[in-house]
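Data block below; observations after.
The values are calculated or read from the model by the stated rules, or taken from the named source; none is laboratory data. Owing to the predicted nature of the structure, the values given are computational and were not obtained by experimental measurement. Virtual Cβ from ideal backbone geometry, glycine too; neighbours counted across all protein chains shown. For the accessible areas, the whole protein counts, side chains as well, though only heavy atoms, and no ligand, DNA or RNA atoms are used. Shrake-Rupley method; radii C 1.70, N 1.55, O 1.52, S 1.80 Å.
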Amino acid sequence: MDFPRGQTLVHSDFRQDEAVSCDFAVVGSGAGGAAAAWELSGHGHKVLLLEEGRHFEPEALSTRPSWAYRNLYQERATRIMAGNLYIPLPGGRAVGGSTLLNSAICFRTPDRLLEKWRTGHGIGWAEPEQLRPIFEAVEREIGVTKTHPTQARANNLIFKAGCDALGVPGDFLSRSAPGCIGCGLCQLGCPIGGKGSVDRNLVPAAVERGAALFTSARATRLLVENRAAVGLEAAVLEPLSERPLRKLTVRAKKVFLCGGAVGTPLFLLTQGLANSSGQVGKHLRVHPATGMCARFEQVIDAWHGVTQGYYVDLEDSMLETFSATPDLYYTQFRAFAEPIEHLRHIASCGCLIGDESSGEVRPGLSPGRAAISYQLLENDKRRLLKGLREIGRIFFAAGALEVHAGIHNAPKAHSLAELEAQCREEVPVTSLSVYASHPLGTCRMGADRAAAVVGQSGESWDIKDLYIADASVFPSALGVNPQVTVMATAIVIARAAAG
Ligand SMILES: Cc1cc2nc3c(=O)[nH]c(=O)nc-3n(C[C@H](O)[C@H](O)[C@H](O)COP(=O)(O)OP(=O)(O)OC[C@H]3O[C@@H](n4cnc5c(N)ncnc54)[C@H](O)[C@@H]3O)c2cc1C
């Protein structure tokens, strides 16, 4: 077929097996893939963006979690890490990748971390001044603004009140949600298109610049000749069953892998490629998080207002308010949400850390599924417990009647003293209730080819013209929500590869 410049093709557009040529084939349309495709197409290259999930307009989304899990999430939202505890690890599988269902929180990469990457891993471009215009461009494209108190509403404002009472410095979160009305449904996909997930900005802008987007198209095999990537094979899938319908052969001058920190190592490990360092799939970091609910006398209705609107940076952890839909609160925090009238009086806040703990992604038992392991270290557990104690201190200062920490079987605590007794350092790792949604680091970047999968240009140390430009290339955890760093990194890599 001719390169379908500026077009989006869905599974039913493919009536037979097809072959197509382009300059750049980009696998995955999440934060990294969208930013790479946007940058590459801006240089006038023929860019083909392949996404295994579907494209959804806001009106096609549903506010039912079960629908969202089935249609928008990797492994229908059952992806889990197993190790010294089980930790859910959700991710997106649609145009927009995980940004379609994220909370839109935006942080630039902390300067202290960029310095570590520069000095410890030989990543020369990790310079705040060099990155500043790229961060600005990303923030402009995805519509970053600071949460306004009127959008934040009670769940966020009550936490702020506790911070203010104690003199704890906090702030409203900046988010890529320029049209947000505070309906609290971010993680089901924004039903009004108010969130600046990349399917609403970078992807359509790339298509406008001439890129082609193939949805329901899963890259299955890299084509390598003379140790250089020359394209890939992909399967066009029946969207819900994921049954392969057609085969696509893509010839490309360069290939970008942006399938995320689970999808990209899975793609490479399944074929035994680009792994002379033995590091593919290793060093998984996830920003583990735990949380707390607090019950107040007054009505909170946490599901009204932005999903995550206020934060406190404790330096070794980040406290961020969160909310869920009433049905999720009820199922997740059952002990706390009964009698059901209590549900309207609950506020909640989480604590995430930049982890030293690590895990590994390996091919799983069935095709397309990863087996993910992760061991939470004692020191990281202690940081999470410290974060819980601080959240409790803030909620009690705001007037909480009782709080429920993310510790299995912990009773409700009616005072800070009771909470501190529950969150003491001896609490075993296995007692913590942990969640993670920021997989990173499984194809790390670095100057030492024996210890890294790609060099600072994002190009594989082993296969010429093969680039990785997603969350998998980070050589450490960030300790802040990663989407802006993922996009900026992908732009740096794409700009250099575009020539
Ligand atoms: C529930 C949730 C909430 C979050 N909240 C925030 C937040 O508020 N702020 C923030 O900064 N970050 C947040 N994140 C994390 C952030 O969204 C991710 O770090 C970021 O999107 C990662 O970008 P990526 O390009 O590496 O992967 P993704 O965005 O996950 O994109 C990968 C894409 O590749 C596709 N893919 C994979 N393999 C293949 C293949 N073989 N062929 C074709 N396509 C393939 C996938 O379907 C997916 O669409 C959240 C994540 C989740 C899951």
Checklist entry - Considering only protein heavy atoms and a 1.4 Å probe, what is the carbon-and-sulfur percentage of the accessible area of region 271-328? => result 48 percent
Checklist outcome for this item: region 41-182: relative contact order from alpha carbon pairs under 8 Å, six or more residues apart, as a whole percent, is 18 percent
Next on the checklist: Explain nothing, just the number: dipole magnitude of region 132-230 about its Cα centre with +1 on each Lys and Arg Cβ and -1 on each Asp and Glu Cβ, in debye rounded to the nearest 20.
Outcome noted: 180 debye
Next on the checklist: If every alpha-carbon in region 152-286 counts as one equal scatterer, what log10 I(q)/I(0) does Debye give at q = 0.09, 0.13 1/Å?
Outcome noted: -0.49, -0.85
Item to check | Of all accessible heavy-atom area on region 58-192, the percent that carbon and sulfur account for (1.4 Å) | outcome: 54 percent
Next on the checklist: Given a 1.4 angstrom probe, what's the average accessible area per residue across the chain, in square angstrom?
Outcome noted: 38 Å²
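Which number comes out as Rg/Rh for region 1-147 once both Rg and the Kirkwood Rh are worked out on C-alpha atoms?
Working: Rg = 18.5 Å, Rh = 18.3 Å.
The Rg/Rh ratio comes out at 1.01.
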Next on the checklist: Restricting to Cα atoms and excluding each atom paired with itself, what does the Kirkwood estimate give for region 39-82 in Å?
Outcome noted: 13.2 Å
Next on the checklist: Which three extents, in angstrom, do the Cα atoms of region 349-425 have along their principal axes, listed largest first?
Outcome noted: 50, 23, 20
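Under the definition of Cα pairs under 8 Å and six or more residues apart, what whole-number percent is the relative contact order of the chain?
Reported relative contact order: 23 percent.
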Checklist entry - Which number comes out as Rg/Rh for region 298-447 once both Rg and the Kirkwood Rh are worked out on C-alpha atoms? => result 1.00
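Between Glu378 and Arg15, what length comes free when the chain is fully extended (0.36 nm per residue of separation minus the Cα-Cα distance, one decimal in nm)? Mind dumping the intermediate values first?
Values: separation 363, 0.36 × 363 = 130.68 nm, distance 5.47 nm.
Answer, rounded to one decimal: 125.2 nm.
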Checklist entry - Any idea what the dipole of the chain comes to, in debye rounded to 20, about its Cα centre with Lys/Arg Cβ at +1 and Asp/Glu Cβ at -1? => result 740 debye
Checklist entry - How large are Rg and Dmax for the chain when only the alpha carbon atoms are used, in Å? => result 22.1, 69
Next on the checklist: Restricting to Cα pairs below 8 Å that are 6+ residues apart, what does the relative contact order work out to for region 372-444? Please round to a whole percent.
Outcome noted: 31 percent
Checklist outcome for this item: Given unit charges at Cβ for Lys, Arg (+) and Asp, Glu (-), the dipole magnitude of region 28-129 about its Cα centre in debye, nearest 20, is 360 debye
Checklist entry - At a probe size of 1.4 Å, how large is the accessible area of Cys183, to the nearest 10 Å²? => result 50 Å²
Checklist entry - Rounded to the nearest whole Å³, what is the per residue volume of the convex hull around the Cα atoms of region 1-41? => result 86 Å³
Checklist outcome for this item: Here D for region 148-212, in µm²/s, from Stokes-Einstein with a Kirkwood Rh over Cα pairs at 25 °C and 0.890 mPa s, works out to 175 µm²/s
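Starting from the residue with the highest accessible area, list Leu61, Leu245 in decreasing order, probe 1.4 Å.
So the residues, ranked largest to smallest area, are Leu245, Leu61.
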Next on the checklist: If I compute solvent accessible area with a 1.4 Å probe over the protein chains, what percent of it on region 338-391 is carbon and sulfur?
Outcome noted: 53 percent
Checklist entry - Using modelled backbone amide H atoms (1.01 Å from N, in-plane), which distant-in-sequence or interchain residues come within less than 5 Å of Leu213's amide H? => result Gln7, Thr8, Leu9, Leu49
Checklist entry - Any idea what angle helix 378-397 forms with the longest principal axis of the chain, computed on alpha-carbon atoms, 0 to 90 degrees, nearest 10? => result 50 degrees
Checklist outcome for this item: Computed over region 48-109, the Cα gyration tensor eigenvalues, each multiplied by 5 and square-rooted, give semi-axes in Å (largest first) of 21, 16, 13
Checklist entry - To the nearest 500 deg cm²/dmol, what mean residue ellipticity at 222 nm is calculated for the chain from DSSP H runs of n ≥ 4 alone, each contributing -39,500 (n - 2.57), summed and divided by the residues? => result -8500 deg cm²/dmol
Checklist entry - Tell me, what is the Rg over Rh of region 426-499, with Rh the Kirkwood radius over Cα pairs? => result 1.12
Next on the checklist: Tell me the accessible surface of Ser197 in square angstrom (1.4 angstrom probe, heavy atoms of protein chains only), to the nearest ten.
Outcome noted: 10 Å²
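In terms of the Cα gyration tensor, with a ≥ b ≥ c the square roots of its eigenvalues, is region 272-313 rounded because a/c is under 1.5, prolate because a/b exceeds b/c, or oblate?
In terms of gyration-tensor shape, prolate.
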Checklist entry - P(r) for region 75-128: what percent of alpha-carbon pairs falls in each 5 Å bin, starting at zero? => result 4, 16, 13, 12, 11, 22, 17, 5
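Exactly which GluC sites (Glu not before Pro) in region 253-337 are in a DSSP loop and have at most 16 other Cβ atoms within 10 Å?
Working: sites: Glu297, Glu315, Glu320; in loops: Glu297, Glu315.
When the GluC sites (Glu not before Pro) of region 253-337 are filtered for loop state and at most 16 Cβ neighbours within 10 Å, Glu297, Glu315 remain.
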Checklist entry - Put +1 on the Cβ of every Lys and Arg and -1 on every Asp and Glu Cβ in region 219-275; which of Leu245, Phe256, Phe267 then has its Cα farthest towards the positive end of the dipole? => result Phe256
Checklist entry - Name the trypsin sites (Lys or Arg not before Pro) in region 367-439 that are in a loop by DSSP and that have at most 11 other C-beta atoms within 10 Å, would you? => result Arg424
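For region 458-499, count all C-alpha to C-alpha pairs, find those more than 15 Å apart, and express that count as a whole percent of the total.
Values: 372 of 861 pairs.
Roughly 43 percent, once rounded to a whole number.
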